[in-house]
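Single-structure report; data block below.
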Amino acid sequence: MLNQTLHKNQETTPEFLTISDMNVNSNIFGWLFAAEVISRKTNSGKLFLDLRLRDQRGSEIIARYFDPPRLETHLPQEGRVVLLEGIVEEYRGQ
């Protein structure tokens, strides 16, 4: 899961991310391809996005984006490269 609460570091330039280089509790700031974006609701009815992200090597990872912005223009779009910033976390053992 990617936690979207970090603020962009003005001194860092985003890079294309490699999934195999990601470690739990590490900070990330970079680009991945959104192969699939699905809107879902939590058990309490709150919206979240289920994302299947792919790097340039073809490796994939599942991300969950809780409390996404309400404006559709600010949401990650399937088939597009998206900028990610956050902390890599485990979610339900994954």
Exercise. In µm²/s, what is D for the chain at 10 °C and 1.306 mPa s, where D = kT/(6 pi eta Rh) by Stokes-Einstein and Rh is the Kirkwood radius from Cα pairs?
Worked result: 116
For this session: Between TRP31 and ARG70, with labels modelled 7 Å along Cα→Cβ, what's the label distance in nm to one decimal, could you check?
Result: 3.2
For this session: Round to the nearest 0.05 the FRET efficiency obtained for THR42 and LEU83 when R0 = 22 Å and r is the Cβ-Cβ distance.
Result: 0.35
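Any read-out appearing in this document is the output of simple, stated calculations on the displayed coordinates, not a laboratory observation. None of the values given here were measured: they were computed from a predicted structure. Neighbour counts are summed over all protein chains in view; Cβ atoms, including those assigned to glycine, are modelled from backbone coordinates with ideal geometry.
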